[in-house]
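The next block holds one structure in the form of structure tokens; read it before the comments.
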């Protein structure tokens, strides 16, 4: 399979893993956001992912993949995951699937790539926090309306991600050599069992290790830290062969509308890395 | 979405429907054939489906889609479904998604298309019954070894399908204007609820209406007819809002190793038709 196919498969394997506390998975639908919206998002993003492995720029390929992903009524299914996968596909197609190649791609982004990133927000409603103080004109929620300000300031996509790297787990991946993504990938590669099952396991491990930044933005840092602690407790029980707490934790997150989406995005990136390492269903 | 994307999505929505008695679905894995093998098969068949909507011949596109589908360790996941989807994609891309266009495509197949069909059997182990008496040299299980005999006899892919149309539900679709496929599509379009759920419902309705030909080949016509009757009973209960019998029926098919695969293939074709009618998740 090509890098673009691996990326599309990673999106599907990610959502097929279960239980993934707080998120849609093989066993969980939300009333307005269902498993099949993620299947549709994965199919729709295919053309953009193939553009990334051909000769489109990262920003152009990203906008195309998000536009394709949005052809379903569930809303934002895989925006964050595509933020990781598009540069990873490009890096892999051009050189190798490594932190160095991925960093090279994101550090080499241009102002036009930033424009593609901003335009992608026109296609779908993405939950994003307020921008850092004094950066209102670069608020991603403005979508293409922010493009003149971006062009005038000469910000590259990498510059934009740097602005958010302290608060946003995806932006942090961009500025850290995709650290957690590659760690997740190596971990998925070393585990046994089905790939979607390994993805669900690594989701729990990541969640137990660091607070999810989407949860922090939506519900505050205290809630995100409490989710992390509870994930750690659930993981300890799972390691003893007792999954009850995990299921209770999962139900409780859903009841409280808490979805650790950034952690799921990193798992999608990790599944891509594992597939590139030759692990396959 | 393009016809090829609709076909890929149809493969995913088909396997995501549940319960689909006797088959892998969102809630059911078999030990060696799992949900994620179907996800991988759907991703892998994408390039062949796109070839069908571009300018490849039907046989060439089919062989490419099956080769792509086979890049997973579960074995045959969607061979029969692709036998329906590849000509449907071609017909839709060239003209319209209609029984007439589909018939035109399959009736227009050449000897080289038959060669592609036979070569596809080299990529994956497909369960097929003995050929009709006196047609041993055209046995599809010979794969590309049968190609010289096919060329010498000048058989088109349509001719080959005609040989099997009495015994094989997919071949019958080819020679009947994709009758059950389009009926399934119209039925899916008129139902309510999630598309994968509608697919599962139409699977049961089809199974209650006609014996599955894969079951007939593997287990005999008596068993296939008994499965049909039991599907009808389960459907009657479901219509009264009582799903217990359906789940018991489903478990019993799995225990007995009975998988009505042809019916699932027709549902995949029907989902494609419904997507082309503008129904989407």
Counting just the residues of the range B:132-146 that are buried (at least 17 other Cβ atoms within 10 Å of the Cβ) and over 22 Å from residue B:77 (Cα atoms), which one comes out modelled with the highest pLDDT? B:146
What is the residue count in the range A:193-228 for residues that are more than 20 Å from the chain's Cα centre (by Cα) and touching a residue at least 12 places away in the same chain (Cβ under 8 Å)? 2
Members of the range B:78-108 that are more than 20 Å from residue B:214 (Cβ to Cβ), part of a loop (DSSP other than H, G, I, E, B) and within 19 Å of the chain's Cα centre (by Cα): B:97, B:98
Checklist (1) surrounded by fewer than 18 Cβ atoms within 10 Å (Cβ to Cβ); (2) free of Cβ contacts under 8 Å to residues at least 40 places away in the same chain applied to residue A:150, failing item: (1)
Do we have residue A:167 as in contact (Cβ under 8 Å) with a residue 40 or more places away in the chain and either part of a helix (DSSP H, G or I) or surrounded by 23 or more Cβ atoms within 10 Å (Cβ to Cβ) (or both) here? no
Does residue B:190 count as more than 20 Å from residue B:103 (Cβ to Cβ) and over 17 Å from the mean Cα position of the chain (by Cα)? yes
For the condition touching a helix residue (DSSP H, G or I) at 6+ places or on another chain (Cβ under 6 Å) and on the phi > 0 side of the Ramachandran plot, what is the one hit in A:121, A:178? A:178
Scanning the range A:45-58 residue by residue, those more than 16 Å from the chain's Cα centre (by Cα) and modelled with pLDDT of 95 or more turn out to be A:47, A:50, A:51, A:52, A:53, A:54, A:56, A:57
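The values are calculated or read from the model by the stated rules, or taken from the named source; none is laboratory data. Source: prediction; values computed, not measured. A quick note on method: Cβ atoms are made from the backbone with ideal geometry, for glycine too, and the neighbour counts reach across all protein chains shown.
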